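Worksheet for the structure shown next.
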């Protein structure tokens, strides 16, 4: 099975351990989880634990029943996974004007493929400064479902280039706009037109497209 479960529980030490124990007992493997407090309080605080679980399909109902039976659990609900709802993600980082143009191309192209049943989402963050951008690039590999990065700006190098190298070694390709600095030399693809850069990014991760960045790696368009 592949099940997404959201649990509202009391905000107490050990809750994540107790929930994971129920999942493991039913043969489930937690492949993704996120936890945050939804209601603060000295004794009555509540937290949300979202999990995507792989395991035997016949155990899904029993798992939910076991969780509901715990006196520290307030609510259990079943959902579609983020992969099915939001799908693969295009991440765009850089200057506000350039980011907006790349996003325009990416959203337009994603719309074409999502109408055919794909799920591709576009995430942006306009940033200024080498350290801020380098930190954001380094964090991309920790974002669930992040599939490709587009760097949009006028000048990028130094720590940003080192972060790009590490990201590529972790299997995430990088497209850069034509700009000053060392980032374009390291990027998998350099594109002059920001709208086209967004289009290329979506085409690379879409299963309904034929574009493959590996075949044009190192090229400039």
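The values are calculated or read from the model by the stated rules, or taken from the named source; none is laboratory data. Keep in mind the model is a prediction, meaning the values are calculated, not measured. Positions of Cβ are generated from backbone atoms using ideal geometry, with glycine treated the same way; all protein chains shown enter the neighbour counts.
Out of 220, 130, I need the residue that is under 21 Å from residue 104 (Cα atoms) and over 20 Å from the mean Cα position of the chain (by Cα). Which one?
Values: 130 fails: under 21 Å from residue 104 (Cα atoms).
Result: 220 is the single residue among 220, 130 that is under 21 Å from residue 104 (Cα atoms) and over 20 Å from the mean Cα position of the chain (by Cα).
Of the conditions (1) modelled with pLDDT of 95 or more; (2) in contact with a strand residue (DSSP E or B) (Cβ under 8 Å, 6 or more places away or on another chain), residue 165 satisfies every one except a single condition; which number is it?
(2)
Any idea which of (1) buried (at least 18 other Cβ atoms within 10 Å of the Cβ); (2) within 27 Å of residue 143 (Cβ to Cβ); (3) touching a helix residue (DSSP H, G or I) at 6+ places or on another chain (Cβ under 9 Å); (4) modelled with pLDDT of 90 or more is the one residue 55 doesn't satisfy?
Against the list (1) buried (at least 18 other Cβ atoms within 10 Å of the Cβ); (2) within 27 Å of residue 143 (Cβ to Cβ); (3) touching a helix residue (DSSP H, G or I) at 6+ places or on another chain (Cβ under 9 Å); (4) modelled with pLDDT of 90 or more, residue 55 comes up short only on (4).
Which one of 50, 32 is at pLDDT 95 or above, closer than 30 Å to residue 124 by Cα, under 20 Å from the mean Cα position of the chain (by Cα) and not assigned by TED's automatic domain parsing to the domain that holds residue 131? Steps first, please.
Values: 32 fails: at pLDDT 95 or above.
So the residue among 50, 32 that is at pLDDT 95 or above, closer than 30 Å to residue 124 by Cα, under 20 Å from the mean Cα position of the chain (by Cα) and not assigned by TED's automatic domain parsing to the domain that holds residue 131 is 50.
With the requirement that a residue be closer than 22 Å to residue 169 by Cβ and surrounded by 12 or more Cβ atoms within 10 Å (Cβ to Cβ), what does the range 198-216 give you? Talk me through it step by step, then tell me what you get.
To start, the set of residues in the range 198-216 that are closer than 22 Å to residue 169 by Cβ comprises 200-201, 204-205, 212-216.
Across the range 198-216, the qualifying residues are 200, 201, 204, 205, 213, 216.
One residue is enough: does the range 8-21 have a residue meeting the conditions in contact with a helix residue (DSSP H, G or I) (Cβ under 8 Å, 6 or more places away or on another chain) and within 11 Å of residue 67 (Cα to Cα)?
Looking through the range 8-21, at least one residue is in contact with a helix residue (DSSP H, G or I) (Cβ under 8 Å, 6 or more places away or on another chain) and within 11 Å of residue 67 (Cα to Cα).
Quick one: which of 27, 41 is modelled with pLDDT under 90 and in a loop (DSSP other than H, G, I, E, B)?
Numbers: 27 fails: modelled with pLDDT under 90.
So the residue among 27, 41 that is modelled with pLDDT under 90 and in a loop (DSSP other than H, G, I, E, B) is 41.
To keep it simple, each residue is scored yes or no on (1) in contact with a helix residue (DSSP H, G or I) (Cβ under 7 Å, 6 or more places away or on another chain); (2) closer than 24 Å to residue 82 by Cβ; (3) touching a residue at least 40 places away in the same chain (Cβ under 8 Å); (4) not assigned by TED's automatic domain parsing to the domain that holds residue 34.
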| site | (1), (2), (3), (4) |
| --- | --- |
| 106 | yes, yes, yes, yes |
| 111 | no, yes, no, yes |
| 121 | no, yes, no, yes |
| 140 | yes, yes, yes, yes |
| 145 | yes, yes, yes, yes |
| 158 | yes, no, no, yes |
| 170 | yes, yes, no, yes |
| 195 | yes, no, yes, yes |
| 206 | yes, yes, yes, yes |
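Assess whether residue 97 counts as being farther than 23 Å from residue 218 by Cα and out of contact with any strand residue (DSSP E or B) (no Cβ under 6 Å at 6 or more places or on another chain).
Values: farther than 23 Å from residue 218 by Cα: yes; out of contact with any strand residue (DSSP E or B) (no Cβ under 6 Å at 6 or more places or on another chain): yes.
The answer is yes for residue 97.
Collect the residues in the range 182-192 that are under 13 Å from residue 105 (Cβ atoms) and either buried (at least 17 other Cβ atoms within 10 Å of the Cβ) or in contact (Cβ under 8 Å) with a residue 40 or more places away in the chain (or both), keeping them in residue-number order. So that I can check it myself, show each step before the final result.
Looking only at the range 182-192, we keep the residues that are under 13 Å from residue 105 (Cβ atoms), and these are 191-192.
Selection gives 191 alone.
Looking at the range 5-18, is at least one residue crowded, with 17+ Cβ neighbours inside 10 Å, in contact with a strand residue (DSSP E or B) (Cβ under 9 Å, 6 or more places away or on another chain), outside the structural domain of residue 142 (by TED's automatic domain parsing) and farther than 25 Å from residue 142 by Cβ?
Looking through the range 5-18, at least one residue is crowded, with 17+ Cβ neighbours inside 10 Å, in contact with a strand residue (DSSP E or B) (Cβ under 9 Å, 6 or more places away or on another chain), outside the structural domain of residue 142 (by TED's automatic domain parsing) and farther than 25 Å from residue 142 by Cβ.
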